[in-house]
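Just below is one structure, and these are the notes that go with it.
The values are calculated or read from the model by the stated rules, or taken from the named source; none is laboratory data. The model shown is predicted, which means the values in this text are computed figures rather than measured ones. Quick reminder, even Gly has a Cβ in these numbers, built from the backbone with ideal geometry, and neighbours come from all protein chains shown.
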Amino acid sequence: MPTGNVINRNFEEMFNIGVRFEIPFFQRGYAWEQRQWKKLFEDIQTEVIENVSNNNFEDEEHFFGPIVILEKISQHPSLKKFLVIDGQQRITTVYLLLAVLRKLLEGKAHLSPEAQKYISELDKYLKNNVSGSDDYFKLKVFSTKGDRLPTFKTVFNSNPNSPHLGEDQLLYNPLENKIDAFVKYAQKYLRNMDVPTLWQWCQAILKSLKIVWIPLDETKDDAQAIFESLNDAGMPLSASELLCNYIFRPLTNDITNEHEKLHNEKWLAARSAVGEANFEEYLRDLFSMGEKKRVGKERRMYVHFKIKNKKLSAVTATQTLEKVFDYTNVYNQILKPIQYPPANPDIKKLLIAINATNMTSIYPFLMGLLKTLEHSSITEQEAIEILHETYVLLIRRKITSLSVTKYDTFFPSLLDRIVNEPDKVRAFQKQIQTEQLWVADQIFEDAFTTKELYNSRELNFSRHVLQELDKSMQPFGEYPDYSTIYTIEHILPQTLNDHWKTYLVADALHYSLPTITNTIGNLCLNSQPANSSFGQKPYIEKQVAYTDISALARDVKKRTVTWNIAAIELRSKDLAQQALQIWKWKI
């Protein structure tokens, strides 16, 4: 870290000139949250305002961290331009906070003759007095990545006259934008303060918050490398933010700003398409396609990409961005097949079923398969058959409780090994046999009969298996509305009352009863209201009360037996025969 010309400064000095503190493209968007805002506000109140004497805010100092900057040639002759290499979150928060204070003072101007003077004073620190075709030059703190429009609206309470307005409006979502969230938080915190107190806050921010001003030398210092090394001291960059910076490094052009268009139309569009919460997992699955092993989570994903692309060219970077955007459609079909249904209803049905297994490690394979289908390199029938075999594999291994750790090494490159084969289904089966993932009928039948299907941590999977069984037992393929009969009923209760203990005789003390109670033979589907009424009622009463809508419930109603371990095991065996037909290998 360079140390030449390092000085202490306050925000009054920094904002009291025509200046443009620009957040460089490799920085993230505004990211501070309530934890950081609360700490700042408490510090201003307790460390500055409560300690100041006679309003001499110049004498009360509170250290607010370093700001690392790089001076650049400005596009506007009357403005000094600095890139903010470190300290973006602090300088942006202070700038927005001053804007919020100004707006609150405007709302209280009728209460104090001093208010208008304070407002005019704040304008010097918030607004550049410039004219031209782009109002964004009026901002003293300027960012991209969806932040400049809400910043401008916060400071000026209007939209800018700018050639960038249209694209910024497409990026701007008031419900998700962190700048709007901060403005709401600050307004709520400060709104009940009177005019003198609001001005005290302004003085404390401008005069008392001290930063260490650290300038870089462009001829000697790598601004982006310094930024990444400093970042971990604050809010660490996420893997996707690091990846974005790395991909755009060969594309960034401060003169043409063409990288902004790529960023908006590819990177941000992809993040919006899959949802911010899913974006890093999407990238992980995308970059796992064709690999020997599924890429690791979080920063391991970034490191993997960086190692594979040590000398990333502009062409490769652009191709990567095209790919990041291009695969969002198939990812959404896999993740949310009901919301984003594939054109083929059989594929939709299989993706819904595969989702019920909760095996996300197969996503790289599924993404490649659906994209290959999209490019017509395989037929719809081939895709359907491969998806069916995948589904059978996942169900059989999950029911049998066999290890799934091999999935991370098996699935990422599986498509490459079968896509050029004349019989792709046989090729798929050969691969799972070679890797010893195949589950034979007898092993599956035994597990289906004896292992616990009911698992409170995997209710969706348990419910899925029961619903598929129920469908297979319905006459003429006419299915009930399973959204009304989705509750799993234990015929023999999980907790026995005195009646059931007497009824079961010796079985009540059998060592395997807790396991048997959760096997398929003791389960059926009922509506939630009905299920809550069954509880520990005797078997005969339950039989009468069970719905006729569910085939599984009807199956219980016709069994005139003592409901004990033997009866449960017999029903498990009967249902296992049904399961062998539902989850049957194609060949």
Collect the residues in the stretch 276-293 that are charged (D, E, K, R), in a helix (DSSP H, G or I) and either in contact with a helix residue (DSSP H, G or I) (Cβ under 8 Å, 6 or more places away or on another chain) or without any contact (Cβ under 8 Å) to a residue 24 or more places away in the chain (or both), keeping them in residue-number order.
-> Glu280, Glu281, Arg284, Asp285
In this structure, is Lys311 in a helix (DSSP H, G or I), among the basic types (Lys, Arg) and either in the same structural domain as Lys292 (by TED's automatic domain parsing) or at pLDDT 95 or above (or both)?
-> no
Here the qualifying pairs (Cβ atoms under 6 Å; residues six or more apart or on different chains; first in the stretch 571-587 and small (Gly, Ala, Ser); second modelled with pLDDT of 95 or more) come out as Ser572/Thr449; Ser572/Thr519; Ser572/Ile520; Ser572/Gly521; Ala576/Glu445; Ala576/Phe448; Ala576/Thr449; Ala579/Phe448
Qualifying residues in the stretch 358-390 (those that are within 14 Å of Tyr407 (Cα to Cα) and surrounded by fewer than 22 Cβ atoms within 10 Å (Cβ to Cβ)) - the one nearest to the chain's Cα centre (by Cα) = Thr360
Restricting the stretch 181-230 to residues that are in contact with a Pro (Cβ under 9 Å, 6 or more places away or on another chain) and part of a helix (DSSP H, G or I), which is modelled with the highest pLDDT?
-> Val183
By residue number, the members of the stretch 497-520 that are assigned to a loop (DSSP other than H, G, I, E, B) and either crowded, with 17+ Cβ neighbours inside 10 Å or in contact with a strand residue (DSSP E or B) (Cβ under 7 Å, 6 or more places away or on another chain) (or both) are Asn518, Thr519
Name the residues in the stretch 533-562 that are assigned to a loop (DSSP other than H, G, I, E, B), of a type in the set (A, V, I, L, M, F, W, C) and touching a residue at least 12 places away in the same chain (Cβ under 8 Å), would you?
-> Ile549
Answer with yes or no whether Thr390 is modelled with pLDDT under 95 and under 23 Å from Trp438 (Cβ atoms).
-> no
Identify the single condition in (1) part of a helix (DSSP H, G or I); (2) crowded, with 19+ Cβ neighbours inside 10 Å that Ala530 does not satisfy, given that it satisfies every other one.
-> (2)
Hey, any hits in the stretch 268-275 for a residue that's outside any helix (DSSP H, G or I), closer than 19 Å to Leu171 by Cα and without any contact (Cβ under 8 Å) to a residue 60 or more places away in the chain?
-> yes
Given the structure, is Thr144 in the same structural domain as Phe82 (by TED's automatic domain parsing), in a loop (DSSP other than H, G, I, E, B) and β-branched (Val, Ile, Thr)?
-> yes
Go over the candidates Leu552, Leu523, Leu575 one by one and state the one that is under 30 Å from Ile386 (Cα atoms) and touching a strand residue (DSSP E or B) at 6+ places or on another chain (Cβ under 7 Å).
-> Leu552
For residues that are within 21 Å of the chain's Cα centre (by Cα) and acidic (Asp, Glu), scanning just the stretch 308-353, find the one that is farthest from Leu262 (Cα to Cα).
-> Asp326
Where Lys308 falls short, out of the listed (1) surrounded by fewer than 16 Cβ atoms within 10 Å (Cβ to Cβ); (2) under 21 Å from Gly29 (Cβ atoms) = (2)
Inter-residue pairs, beta-carbon under 6 Å, first in contact (Cβ under 8 Å) with a residue 24 or more places away in the chain and in the stretch 28-41, second among the aromatic types (Phe, Trp, Tyr), 6+ apart = Trp37/Tyr185; Phe41/Tyr189
Taking the stretch 183-205, which residues are over 38 Å from the mean Cα position of the chain (by Cα) and without any contact (Cβ under 8 Å) to a residue 40 or more places away in the chain?
-> Thr197
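Rundown of residues vs (1) among the aliphatic types (A, V, I, L, M); (2) within 26 Å of Glu468 (Cα to Cα), yes/no style:
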| site | (1), (2) |
| --- | --- |
| His499 | no, no |
| Leu513 | yes, yes |
| Asn531 | no, yes |
| Asp548 | no, yes |
So which of Val141, Val155 ends up being crowded, with 22+ Cβ neighbours inside 10 Å, touching a residue at least 40 places away in the same chain (Cβ under 8 Å) and under 30 Å from the mean Cα position of the chain (by Cα)?
-> Val141
List the number of the failed condition for Lys471; all other conditions in (1) in contact with a strand residue (DSSP E or B) (Cβ under 6 Å, 6 or more places away or on another chain); (2) under 16 Å from Arg554 (Cβ atoms) hold.
-> (1)
Residue check: is Asn460 assigned by TED's automatic domain parsing to the domain that holds Ala567, in contact with a strand residue (DSSP E or B) (Cβ under 6 Å, 6 or more places away or on another chain) and more than 20 Å from Val561 (Cα to Cα)?
-> no
Being buried (at least 16 other Cβ atoms within 10 Å of the Cβ), part of a loop (DSSP other than H, G, I, E, B) and not hydroxyl-bearing (Ser, Thr, Tyr) is the filter here, so list the residues in the stretch 486-496 that pass it.
-> Ile491, Leu492, Pro493, Leu496
Out of (1) in contact with an Asp or Glu (Cβ under 6 Å, 6 or more places away or on another chain); (2) among the aromatic types (Phe, Trp, Tyr); (3) outside the structural domain of Ile418 (by TED's automatic domain parsing), what's the single condition that is false for Phe287?
-> (1)
Filter result for the condition that a residue is under 17 Å from Ala204 (Cβ atoms), in contact with a Phe, Trp or Tyr (Cβ under 9 Å, 6 or more places away or on another chain) and part of a strand (DSSP E or B), over Phe41, Phe64 | Phe64
